[in-house]
1. Just the C-alpha atoms of segment A:211-261: what Rg/Rh do they give, with Rh taken as the Kirkwood radius?
2. How far is the Cα center of segment B:267-316 from the Cα center of segment A:55-110, in Å?
3. What is the ratio of the Cα radius of gyration of segment A:263-306 to 2.2 N^0.38 Å, where N is its residue count, to two decimals?
4. How do the peptides A:378-386, A:351-359 rank, highest first, by the average count of neighbouring beta carbon atoms within 10 Å per residue?
5. Can you tell me which lysines have their Cα less than 18 Å from the Cα of A:Lys347? Leave out same-chain residues fewer than eight positions away.
6. With just the Cα atoms of segment A:19-96, tell me how far they stretch along each of the three principal axes, in Å, largest first.
7. Sorting check: for A:98-104, A:329-335, which peptide has the highest mean count of neighbouring beta carbons within 10 Å, and how do the rest follow?
8. At 7 Å along Cα-to-Cβ for each site, give me the label-to-label distance between B:Ala211 and A:Asn32 in nm.
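The values are calculated or read from the model by the stated rules, or taken from the named source; none is laboratory data. Everything numeric in this text was worked out from a predicted model, so none of it was measured. Reconstructed Cβ throughout: ideal geometry from the backbone, glycine too, with neighbour counts over all protein chains shown. Quick note on the areas: whole protein, heavy atoms, side chains included, nothing else; ligands and nucleic acids left out. Shrake-Rupley method; radii C 1.70, N 1.55, O 1.52, S 1.80 Å.
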2 protein chains.
Amino acid sequence: MENNAYQAMNERGLRDAYAAVRGQYDALREKNLSLDMSRGKPGLEQLNLSAGLLTALTDPADCVSDGIEVRNYGFLSGIPAAKQLFAEILGCRPDECFIGGSSSLTLMYDLVSKAFTHGLLHSKQPWCRLEKVKWLCPVPGYDRHFRITQSFGCEMINVPMTPEGPDMDLVEALIRDPEVKGMWCVPKYSNPDGIIYSESTCKRLARMKPAAEDFALVWDNAYCVHEFDGPFVPFPDIIGLCRDAGNADMVYEFASTSKITLPGAGISVMAASVDNQTYLQRLMGVQMISEDKVNQLRHVRFLKNKENVLALMQRHAEFLRPRFACVLGALETEIAPLGLASWQRPKGGYFVSVNTQPGLARRTLALCKEAGVAMTPAGAAFPRGIDPNDSNIRIAPSLPPVQELAQAMEIFCASLKLAALEKLLGIKPV
Amino acid sequence: MENNAYQAMNERGLRDAYAAVRGQYDALREKNLSLDMSRGKPGLEQLNLSAGLLTALTDPADCVSDGIEVRNYGFLSGIPAAKQLFAEILGCRPDECFIGGSSSLTLMYDLVSKAFTHGLLHSKQPWCRLEKVKWLCPVPGYDRHFRITQSFGCEMINVPMTPEGPDMDLVEALIRDPEVKGMWCVPKYSNPDGIIYSESTCKRLARMKPAAEDFALVWDNAYCVHEFDGPFVPFPDIIGLCRDAGNADMVYEFASTSKITLPGAGISVMAASVDNQTYLQRLMGVQMISEDKVNQLRHVRFLKNKENVLALMQRHAEFLRPRFACVLGALETEIAPLGLASWQRPKGGYFVSVNTQPGLARRTLALCKEAGVAMTPAGAAFPRGIDPNDSNIRIAPSLPPVQELAQAMEIFCASLKLAALEKLLGIKPV
C-alpha cells in the first residue's frame, strides 16, 4: 500500500489534524447512537419481497409435486421440482442436487463432519484417524467457514486473495501436500471482498491434481445471483468444469435461498457428482427421512424458475444499491484522499471489505464500538480470528436504513482517521 | 411360548390343514394385490387434519414472535414460543429445549455424531478416539435408531423388552462396563411393541450409575401424545427425574410433530439439561444459524398448546383406531386360537409387533411379499437386522384404508399359518 497523506505531514500538521478529527469523533460519540453494520442480514423491505412465499401453498390439494405427496415421509434428496430449480440456477444437472433445509452452512458442516466420521467417496479412511488435516483458506474469507474447519481441528492455511480469486500459484503448490484435504471457496462476490473468481481461476481450480485422493473443493456459491448493481453476471458450472477435467468427484457446490427469499426459512442445495450423491445419500439416509418438502414445494411455486429468480434479485437490488452507494461514497470522499485504506467496489454480494494500512483495524473497530457502531470483529475474516496485518474490516450495509448507514459511516471514517493519527503520533489508547 | 395347535395334530391332520391353508393362500395370491403395511406413515385423512398449518402464517406482519422477526437470521435454539409449546407437552422447562427441523432423527444422529467428533459434556475425549463404543439396544426396537449406532461402528447389545420396558436387571449390569456409552429408549408406545415403560422402569433408568461418565440415555419420546384408543396417558418428565437422581446431564429427550402435523414438514425438539444445551449449542452454533423459524411459528400458531394438541391427537385417533382394530381383530380370530404368535394390544403408537413361534418370521414375510403385501423386512427391529429367533414381525397399519388392511391381514394370517405348517411338515420353500 502507498504511504498515506498523514505520513507526509510534519508533527505540527499531525497534531492539528488529530485535534480536528478527535473533536469530530467526540461530537459523534456524544450522540449515543446504536448502529449495526455487523452481519449480512437482509432488511425488512427485502423480507417483504417474499411475502408471496407465505401464501404459495395453502391448499392441501396443492401439496403434490410430480406425484409426490410432499406432506408425508420420504424422498431423502428432495423433490424433483426443487432439484430442477437449483440445477437451472447453478447450471448443473438435477440429479447432481441434494435439497437441504434452511441453511447451506449445515450441509457444508455435515460434509466435513462425515469426512471425519466416515470419510468421503475416495477416502482410504475417515479423517478422524489421520494425524493431521490441513485446509486451504482464501483470506479474507467467511468466518463461519473457518469456524467449521477449526471446530474439527484442521490446520488452516491462509491463501491470499487476488482480484482474480485465490492466489493459484500458491494453491497449486500447497495441494502437493497429501495432508491438504480441502479448500473453502466463495467464487462469486467472495465474502467479504466481493471478488468474482476469473474464468482462468475457476479452470485452474477444476484442473488441480491434489495429492490427497479425497480432496474436497468446497464451492460456496452463496451469492450466485446476488447482483445489486447491474445485470446478472453468468458463472461457470463448476461441477461440469471438474468433470471435464477428470475431477468429477472433487467438488461440492452449495447455495441457498437465504438471501433470495427468507434467511430464516429458505431451502438449500448441495450439488455434486452423481457418484458423490450416491455415496453421501447412503450416509445421509441414516440421518434423516428428508428435509422439509412442503417448504421445497412452496419455494418452487413462488420462485418458479431462474428468470423469475433474477427478476426478484433485481428488486432486492433496489434496496441494496443505495446502501452500498452510501458506504462506498463515504469511503471515496473521506478515506480515499488520505490513502488510509483500499477496497474493492463490488457489484454484488453483501459486503464491502476495507483493507486499512497495517495495524489499524482493531483500533478503528474499538473506536467505532465506543461511538455506538457494531461491526464484524477485527480478524473475523481470517482463520482463528487472526489477521496477520490487523488490516481487514468487513462492512455489512444491508440491514440499516440509508440514513443510519450514513451516520455509521461518518463514525467509521472518523474512527479510521483517528486510529491512523494516534499511531503516527504514538498516542496510546486509554 | 406355548405349543401351537398344529403341534398337537398328527401327520394326516397337518396335511389336511396344509392343503386347506395352501388353497386359501393361493386364491389370495391370484388376486395380484399390492398392499403396503411396511412403515408408520400417516394416511391422507390424517395429513388433512393439519390443513390449518398451511394457512397459519400468511401475512408478513404476523411473522414476529416475542419481538423476534422469524423470517430473518438468528436465534440458534429456536423461538421461545416453540420451546414453551414442547416444554408444556414434555413436562420439562423451556430453556431445556432446542428446536430442530422436520426430523428428530436428525437431532439424534447429530448427538451421536458430535459425541464421536467432539465428545459430550462429560467426555474425556471424542469417542472416535476410543477402541470401542458399546450401545444398549432394547429389542425389538426402532430400526432407524440401530442404523445410527451401526453407522458409527458401535457394538450394539440387545436388551430384551418386558411389558414394563427394557429388562432393567440386565441394563444395570451392562452399564458397569465403561465402554457402554449409551442406550436407545422409546419410553411410550415403544416401537414396535407399543409398550409404555412403567414408572419404576423410568425411575431405575434415571437413577442408573453408568461407569461411563458421558453415558447418553437417548429418550425418543416419539409417541408421547399418540394415543389412538382412550384418553391421553400422562408420562414422567425424564429430564426432571434424572436431575432429581443426580444425573442431570445423562439424558437427551427427543420428540417431533411428525405424527402430530406433517411428517415431511414438522418441527422437532431435543430437550436436555441447561448445561448440556450450553455445551451442545456452542458446537451447533458452528453448524447452523438456526432451523426454520417460520415453520416453528406456524406450528405454534396452529397447535397453540398441549390441550389443543391432545384434541388434535383424538382426531388422528379416529382414523387410526379402526385400522388397529382390524389388525388386532384378524390376529385374535385367525392366529390366537392356533397359538402361532403373541402380541401386545397397544392403545397408542404406530405399530403392532407380532412375535411368531421361533423360525417363522422370514418365511411368513416372504409369503406375504409373494402375495403382494409389503411389510417391514424380517429382523428390522433388531440391530444389524438380525433377529436371533427369526420371530418378530412389525405391522404398520396407519396408511392403508381399512378395506385394504383387511385383505392384507387375510394374506398375513394365511402366510403365517402356511409357514408354521411347512415347518412342521418339513416342506422346503421352492
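1. Working: Rg = 13.5 Å, Rh = 12.6 Å.
Rg divided by Rh gives 1.07.
2. 22 Å
3. Details: Rg = 12.7 Å, N = 44, 2.2 N^0.38 = 9.3 Å.
That ratio works out to 1.37.
4. On the way: A:378-386: 19.1, A:351-359: 21.4.
Per-residue mean Cβ counts within 10 Å order the peptides as A:351-359, A:378-386.
5. Of all the lysines, those that pass the test against A:Lys347 - Cα under 18 Å, at least 8 places apart if same chain - are A:Lys41, A:Lys188, A:Lys259.
6. Largest to smallest, the principal-axis extents are 72, 31, 21 Å.
7. Working: A:98-104: 26.4, A:329-335: 16.6.
Top of the packing list down: A:98-104, A:329-335.
8. It is 6.3 nm.
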